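J.: Can you keep this structure in mind? I'll have questions shortly.
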Amino acid sequence: MRRVALVVLVIVAVVGASLWARARVAEACPATAAATRLDPPVSSNGAWRFADVAVGSRHYSLEPQVMADYGAYVRPFPWPESHRVGVSVTVGSTVEDAVRAWRTTCLRVVHHDEAVERPAVIGADVLTRGDGFRYRFDGAGGYPEWPPADLVDVEMTVLVDGSPFLIRLPAVPIVPMG
């Protein structure tokens with residue numbers, strides 16, 4: 001009987017450890033070569049932030065959004081969890097090839113002294129058009145539940161034509177949703 005209990009305990013520990021490790025691997029950003037740091041000027045219009053950045057001969061407009069869904073949506077099963085903070089970045093350019101050359105690989109959010117990074121989720125080259133611009137929308141979720149109206153810095157690791165860049169967008173407010 002003790003052997004059976006020990007085997008069951010070992011199986012539960014191995015399964016629990018593998019689920020924990022799998023979740024940590026899913027949260028890890030892909031490795032890139034040393035990135036060139038870019039700190040573009042950021043302008044604001046209320047809660048919205050905008051940055052213009054030049055990467056080589058390509059020019060981009062970046063618009064980060066940090067959202068916290070504090071609506072009535074709570075997942076009660078299998079364990080309670082409310083919605084966490086999510087980040088999206090609208091990447092625009094007047095040249096479609098420039099937008100296609102852009103790949104966001106990692107989004108890091110710095111809240112006070114806490115920095116949390118997540119791999120970016122990118123649409124399958126879904127580009128939209130408007131006002132003479134081409135846009136792509138990159139983002140990540142699963143950040144902690146930080147309070148709305150707090151300011152965070154958004155750091156993006158991107159590849160443009162295969163070259164890595166680190167772009168810092170400071171003082172982006174967390175906007176409540178819901």
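The values are calculated or read from the model by the stated rules, or taken from the named source; none is laboratory data. Quick caveat, the model's predicted, so the values are computed rather than measured. As a convention, Cβ positions derive from the backbone with ideal geometry for all residues, glycine included, and neighbour counts pool all protein chains shown. Heads up: the accessible areas ignore ligands, DNA and RNA and are worked out on the full protein's heavy atoms, side chains in. Shrake-Rupley method; radii C 1.70, N 1.55, O 1.52, S 1.80 Å.
J.: Any chance the range 119-129 includes a residue that's open to solvent by less than 30 Å² (accessible area, probe 1.4 Å), closer than 22 Å to ASP39 by Cα and modelled with pLDDT of 90 or more?
T.: Yes, because at least one residue in the range 119-129 is open to solvent by less than 30 Å² (accessible area, probe 1.4 Å), closer than 22 Å to ASP39 by Cα and modelled with pLDDT of 90 or more.
J.: Another question, then. Examine the range 143-153 for a residue that is under 23 Å from ALA68 (Cβ atoms), open to solvent by 60 Å² or more (accessible area, probe 1.4 Å), in contact with a Pro (Cβ under 9 Å, 6 or more places away or on another chain) and modelled with pLDDT of 90 or more, and state whether such a residue exists.
T.: Yes, because at least one residue in the range 143-153 is under 23 Å from ALA68 (Cβ atoms), open to solvent by 60 Å² or more (accessible area, probe 1.4 Å), in contact with a Pro (Cβ under 9 Å, 6 or more places away or on another chain) and modelled with pLDDT of 90 or more.
J.: Read through the list (1) under 19 Å from ALA47 (Cβ atoms); (2) open to solvent by 30 Å² or more (accessible area, probe 1.4 Å); (3) hydrophobic (A, V, I, L, M, F, W, C), then give the number of the only condition that PHE133 fails.
T.: So PHE133 meets the others, but not (1).
J.: Going by the structure shown, is ALA140 of a type outside the set (Val, Ile, Thr), loosely packed, with under 13 Cβ neighbours inside 10 Å and under 17 Å from the mean Cα position of the chain (by Cα)?
T.: Criteria not met by ALA140.
J.: Quick check on the range 35-61: of everything there that is under 19 Å from ASP161 (Cα atoms) and open to solvent by 100 Å² or more (accessible area, probe 1.4 Å), which residue is modelled with the lowest pLDDT?
T.: SER57
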